[in-house]
Amino acid sequence: MKPMLPILLLMLFSCSSEKPVDTRKLIERDGIVRRMIPENPFNGIGIKYYDTPFSGETVKYWASGELQGRATYKEGIFMSGTYINKDGTLAISIEKSGDTTITIDYFGPEQKRSETRTLGGTNISIERWHEDGTIREQLYDWEKEDIDDKNFYLNKRRPLVYFLKEPLNIEEKQDVLFFMHGNGGNLWDYEYHIIDEFEDHYIKVILQAPYETSLFSNRWTWFDFKFSFFEDTTFNEEQINTSCEHIIYSINEIIKKENINPNRIYVGGNSQGGIMASKIALEYPEAIDGFIAHNALLPIVYKVKENKSVYSKIRGLVINGKYDNDINPINSKQITNTFIKLGADIKSTELEMGHDFPKLSRDLINEWIASK
């Protein structure tokens, strides 16, 4: 299990539809900064927009109200931060020194250690230290799969980083849900809160997106996009397709690696993750049994199989917030109508919420997976 590096910033970043952007280089980009609001810890993510790079402290809370972390920024650039466990203990401390170096201290059980990351060109070199200050040569298992950042971004055949939770009682064949976070999410958000609200009668696998929104942020995206109030939002189509390949390859590799005997395979996601789930269902219907699109929209580009009969076995759950100001609820209706025309079995639900992923949504997902 891989501890994650928390920084409480989501940046709205630009892209080109012709050429993918190396989002690791966007840490010093001027523009709109998303700041976590401490005043109301119960409103989901809690994002406020500023027209200039933010300087000061940001605070984030768990949905249940406990402090999750603090971070300090100078003109939009991360300087230092801490991440707090739900029991109030310190999980991770991070400090940036200079333009290229960041030091991370972990305080988890049997994993107290330090590491220094230094950016050089397009590569990130990592030194890891024992508590006594000596360099640690041996890697933890989770580190062995993430040692080469450059190859991770370029190699389409490498499995995504993931977190898996099995039911207490393993059956011979088990339903499996591969779930994808939204733009700017990570595994940590799900591992210590959301994962426990998915029921215990199926296997949960949370996949982490392959593109980091900014250097050292531990905030990940499935594809870059350029948002505009005055023109159509543009999406990085190459990154969408690359992420799609990552997902399909990862599903197959994780099933083999974890010795899973799947009964039904579902892909799902919230927001941007829901877009990817819809694309998987449209382009790889033979690989899955169903999909979940939560507060999502259809992918900007997708292909439909010539043999439409392959969609007849697909089940779909489409959920949207009635008051979603990020993605117009009409997009969920478009997802529903598209799959119904293809012959899929779709359940569509609108909830009294905005662009959130509340427990009520997880309850609906649990009920839907349990139904036959």
So, in segment 241-279, how many residues would count as being crowded, with 18+ Cβ neighbours inside 10 Å, over 14 Å from the mean Cα position of the chain (by Cα) and either basic (Lys, Arg) or farther than 24 Å from Gln174 by Cα (or both)? 2
Which condition number does Lys359 fail, the rest of (1) surrounded by 15 or more Cβ atoms within 10 Å (Cβ to Cβ); (2) within 18 Å of Ile206 (Cβ to Cβ); (3) not polar (S, T, N, Q) being met? (1)
Might you let me know whether segment 314-333 holds any residue that is surrounded by fewer than 19 Cβ atoms within 10 Å (Cβ to Cβ), closer than 26 Å to Ile203 by Cα and among the hydroxyl-bearing types (Ser, Thr, Tyr)? no
Take the residues of segment 226-242 that are in a loop (DSSP other than H, G, I, E, B) and closer than 21 Å to Gly269 by Cβ: which is modelled with the highest pLDDT? Asn236
Restricting segment 243-283 to residues that are part of a strand (DSSP E or B) and in contact with a Gly (Cβ under 9 Å, 6 or more places away or on another chain), the one farthest from Asn331 (Cα to Cα) turns out to be Arg264
Any chance Asp356 is of a type outside the set (A, V, I, L, M), assigned to a loop (DSSP other than H, G, I, E, B) and touching a His at 6+ places or on another chain (Cβ under 9 Å): no
Here is a list: Ser243, Ser312, Ser271, Ser250. Which entry is at positive phi and in contact (Cβ under 8 Å) with a residue 24 or more places away in the chain? Ser271
I'd like to know if segment 203-225 contains one or more residues that are more than 17 Å from the chain's Cα centre (by Cα) and at pLDDT 85 or above. yes
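Could you please find all residues in segment 288-302 being at pLDDT 95 or above and out of contact with any Ser or Thr (no Cβ under 8 Å at 6 or more places or on another chain)? If you could, list the steps in order and put the result at the bottom.
Going through segment 288-302, the residues at pLDDT 95 or above turn out to be 288-296.
Ile288, Asp289, Gly290, Ile292 - these are the residues of segment 288-302 that are at pLDDT 95 or above and out of contact with any Ser or Thr (no Cβ under 8 Å at 6 or more places or on another chain).
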Of Gly343, Gly269, which residue is small (Gly, Ala, Ser) and over 24 Å from His201 (Cα atoms)? Gly343
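The values are calculated or read from the model by the stated rules, or taken from the named source; none is laboratory data. It should be emphasised that the depicted structure is a prediction, and the values quoted were computed from it without experimental measurement. Note that we place each Cβ from the backbone using ideal geometry, even for glycine, and neighbour counts take in every protein chain shown.
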